[in-house]
Amino acid sequence: QVQLVESGGGLVQAGGSLRLSCAASGIIFSINTMGWFRQAPGKQRELVASITSSFTTNYADSVKGRFTISRDNAKNTVYLHMNSLKAEDTAAYYCNMVVTRAPWGQGTQVTVSS
């Protein structure tokens, strides 16, 4: 069965950095485009970054230049490096396959204080 386990969230001051990790199991990780999504209170879940099997990356305009997505296929893990964090980045962050979604993991909470 597919399992996605996110970690690395926390409370950080504006301008700070965090690195999120997501360990995947039960999928052929290396062939899948993986993405990081976030959901703020009262808002829809949105895709903020994705990385293809060939390591091509894409970012939402709101995080471009501040966030970097990467993957380690040997560890079945996808990362999100977040720099210059803003209060509006506060959300629960989730990883998932972009094309065919697996059941969502528990997510990891990122709270940015201004």
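Worth a mention:
- The chain: most fluctuating residue of V63, V99, V48 per GNM, C-alpha cutoff 10 Å: V99
- Length-normalised contact order for the chain - Cα pairs under 8 Å, 6+ apart - percent: 37
- If you take the Cα centroid of the range 58-78 and the Cα centroid of the range 86-114, the two points sit 12 Å apart.
- Amide H contacts for L85 (H built 1.01 Å from N in the peptide plane; partners 5 or more residues away or on another chain; cut-off under 5 Å): G15, G16.
- Note on K64: aspartates and glutamates with a C-alpha under 20 Å away, same-chain residues under 8 apart excluded, are E46, E88, D89.
- Each residue of the range 97-114 was assigned a 3J(HN,Hα) from its phi angle through the Karplus curve 6.51 cos²θ - 1.76 cosθ + 1.60 (θ = phi - 60°); the sequence is 5, 7, 7, 10, 6, 8, x, 5, x, 7, x, 9, 7, 10, 10, 10, 8, 9 Hz, with glycine and proline shown as x.
- Taking Cα centre as origin and charging only the Cβ of basic (Lys, Arg, +1) and acidic (Asp, Glu, -1) residues, the dipole magnitude of the chain rounds to 40 debye.
- Candidate cross-link partners of K43 among the lysines, defined by an alpha-carbon separation under 18 Å and a same-chain spacing of 8 or more, comprise K86.
- Percent of Cα-Cα distances greater than 20 Å, calculated over the range 1-64: 37
- Computed in the context of the full set of protein chains, the accessible area of the chain at 1.4 Å probe radius has 49% of its extent on carbon or sulfur.
- Stretchable slack from T68 to E46, in nm (0.36 nm times residue separation minus alpha-carbon distance): 6.3 nm
- Estimated translational diffusion coefficient (Stokes-Einstein, Kirkwood radius over Cα pairs, 37 °C, 0.692 mPa s) of the range 2-114: 237 µm² per second.
The values are calculated or read from the model by the stated rules, or taken from the named source; none is laboratory data. Quick caveat: nothing in here was measured; it's all calculated off a predicted structure. Neighbour counts are summed over all protein chains in view; Cβ atoms, including those assigned to glycine, are modelled from backbone coordinates with ideal geometry. Surface areas here come from the heavy atoms of the whole protein model, side chains and all, with no ligands, DNA or RNA. Shrake-Rupley method; radii C 1.70, N 1.55, O 1.52, S 1.80 Å.
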